[in-house]
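**Student:** One structure, as structure tokens, below. Some questions next.
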Amino acid sequence: MTHDIHVTSEIGRLRRLLIHSPDAGIGKIVPRIKDQLLYDDIVYLKKMQQEYGEYLRVLLCFLDPEKIQGKANDAEYQTSVKNNRFESDKVLNVEQMLVRILQYEDIKYLLVPSVCAIEKCGLRTQKQLLGMAPETLASVLITGILKDQEGREVILFPPVPNLIFTRDIGITIHDHILLSKPYEDARDREAIIFKYIAHFELLRQKTSQEADELAHQVIELQEPNLFYISSEEETQQKVVTIEGGDVMMISPGHLLVGLSERTSLPAVEQLVERLFQRDLIQRVSVVKIPRRRAYMHIDTVFTQVKRDIWIVFSPFTKEEINRNRGFNVAGAIQGQRNIEPTHDVEVVQFIRQQEAGGSYSILTNRMDYLDDLLEQISREDFGATKCEVIPSAGGQFPYSEREQWTDACNFLAVREGVIIGYDRNIKTEEEFRKRGFAVMRSMEIIEQVEQGKSVDEVVTGDTLILLPSGELSRARGGTHCMSMPLLRDDLNALV
């Protein structure tokens, strides 16, 4: 099986992506280690899987309609719904891809020791894993759970519950794949698993001995190996971490990178250098946001909806920053209305200028506001005549802060103007309605397509699709987080 890899925007029609359904490991998280595993709460797994099932089926409606259209009374389809498994080559699943590469013994003998090394497993466990069938091994490597001969569950190593956020394990830049380097140790196993999937499944190398002609399409940032002679302060300044939620392939020549809680300055420096050396990107805009858990990546505070429409966490918008420059401390203490904290966002652009003889120089440009960057993209990258910034919850305190916490700024565009988000962000939903967007529940679309309608008959024009999110939102990531686009149609763009 081959997989086309090509992404040049956030909003071109989505054709293929990588996802991961909530697995059994998530149901093993106990409250005392939830923070260590980067979850804000423990979840009711069965309900979470049901909610995710609607997300998966909506994706199939758009990307692989043959799997769902007219299948309402099909018994095999109903089994797939129950298991959240559809064997789609458009909506790809991490576990299914892992099974495929584990069919090859030499790949298995590379991957398993790598996982055992970071999980500090003994030789006995390593030999046990190497003796497993691919399907069993893939499940164990993801969930950490093995069933013994009596059918009892044995936990070999911790779960990787954040794997449902496939955005963070890699990002597609044109026909290249940027591998993440997670900020937290809890995500190291995800990164290793995806590295092998990228090389041996997405880029179609079938054995570790095959000529490595496609390996140049993988971008992997390196970390210095001299930490042992550095002070703690120096070490912190050298750490290379980058996660996909901080990288947006915005237009063919323009990449956005977040400098955040999870992505470090050395990583940004190295990425800019790599991209410019390869002449892969001509402009990199670095968006620095406050290092806070509430907005760990840039896609938690803004995402693109159309070439001329963006959704932005309202305290980061120019209008609200200017309105609140003179913050009234006494008024806040006395309970006056305007007490929502605001934060400046710094934007620095690096522009590659081609020179004679194949060399290049770099120009820099600074912007005072996030809005200015978004307007530049809309007008200069896409030729739009306007740019509209939708503030989360209409900028209403306390709703904007509450709804950003439950991913009101984190949307996946399946095509320009058609986005999927959570149903609990009511005030933000109202803002989309004001701007002429139709609002549909995910199940409305699913049921009509199951009955035989095409998704283009059901979804016409600008549309906000709402997913149930009682449990999904507890994990602190939205639909943008739960997707790694691999193939999108190109848009007409100027940059």
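Yes/no matrix, rows are residues, columns are (1) surrounded by 20 or more Cβ atoms within 10 Å (Cβ to Cβ); (2) charged (D, E, K, R):
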site	(1), (2)
I362	no, no
M367	no, no
D372	no, yes
I390	yes, no
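**Student:** Identify all residues within segment 271-305 that are crowded, with 18+ Cβ neighbours inside 10 Å, out of contact with any helix residue (DSSP H, G or I) (no Cβ under 9 Å at 6 or more places or on another chain) and either under 19 Å from A393 (Cβ atoms) or among the polar types (S, T, N, Q) (or both); write none if there are none.
**Tutor:** Listed by number, the list holds a single entry, T303.
**Student:** So which residues in segment 1-40 are farther than 30 Å from K82 by Cβ, without any contact (Cβ under 8 Å) to a residue 60 or more places away in the chain and not basic (K, R), if there are any at all?
**Tutor:** D35
**Student:** Name the residue, out of I68, I11, that is within 18 Å of D456 (Cα to Cα), over 23 Å from the mean Cα position of the chain (by Cα) and of a type in the set (A, V, I, L, M, F, W, C).
**Tutor:** Values: I11 fails: over 23 Å from the mean Cα position of the chain (by Cα).
None of the other options fit; the residue is I68.
**Student:** Still on this structure, I have one more. How do the strands (runs of 3 or more DSSP E) wholly within segment 134-182 filter down when requiring 2 or more residues that are modelled with pLDDT of 95 or more: which remain?
**Tutor:** 170-173, 176-179
**Student:** Pull up segment 311-327, narrow it to residues that are at pLDDT below 85 and in a helix (DSSP H, G or I), then point me to the one that is surrounded by the most Cβ atoms within 10 Å (Cβ to Cβ). Working first, answer last.
**Tutor:** Going through segment 311-327, the residues at pLDDT below 85 turn out to be 321-327.
Adding the requirement that they be in a helix (DSSP H, G or I) leaves 321-323.
Values: I321: 19, N322: 10, R323: 12.
In this case the residue turns out to be I321.
**Student:** For segment 278-293, what are the residues that are under 16 Å from I177 (Cα atoms) and not hydrophobic (A, V, I, L, M, F, W, C)? Spell out the reasoning first.
**Tutor:** Start the filter on segment 278-293 by keeping residues that are under 16 Å from I177 (Cα atoms), which leaves 278-281.
R278, D279, listed by residue number.
**Student:** Sticking with this one: Collect the residues in segment 417-429 that are surrounded by 15 or more Cβ atoms within 10 Å (Cβ to Cβ) and not small (G, A, S), keeping them in residue-number order.
**Tutor:** First, the residues of segment 417-429 that are surrounded by 15 or more Cβ atoms within 10 Å (Cβ to Cβ): 417-425, 427-429.
If the condition is that a residue be surrounded by 15 or more Cβ atoms within 10 Å (Cβ to Cβ) and not small (G, A, S), then V418, I419, I420, Y422, D423, R424, N425, K427, T428, E429 are the ones that fit.
**Student:** Failed condition for I197, given (1) surrounded by 16 or more Cβ atoms within 10 Å (Cβ to Cβ); (2) closer than 23 Å to D40 by Cα, with all others met?
**Tutor:** Every listed condition holds for I197 apart from (2).
**Student:** Filter segment 34-90 down to the residues that are small (G, A, S) and assigned to a helix (DSSP H, G or I), then identify the one that is farthest from F411 (Cα to Cα).
**Tutor:** Of the residues in segment 34-90, the ones small (G, A, S) are 53, 70, 72, 75, 80, 88.
Cutting the leftovers down to assigned to a helix (DSSP H, G or I) gives us 53, 75, 80.
Numbers: G53: 17, A75: 32, S80: 26 Å.
So, considering only residues that are small (G, A, S) and assigned to a helix (DSSP H, G or I), the one farthest from F411 (Cα to Cα) is A75.
**Student:** So, one more: When the residues of segment 217-257 are narrowed to those that are modelled with pLDDT under 60 and β-branched (V, I, T), which ends up surrounded by the most Cβ atoms within 10 Å (Cβ to Cβ)?
**Tutor:** Within segment 217-257, the match that is surrounded by the most Cβ atoms within 10 Å (Cβ to Cβ) is T235.
The values are calculated or read from the model by the stated rules, or taken from the named source; none is laboratory data. As the structure is a prediction and not an experimental result, all values here were calculated from the model. Cβ sites come from the backbone with ideal geometry, for glycine too, and all protein chains shown count toward neighbours.
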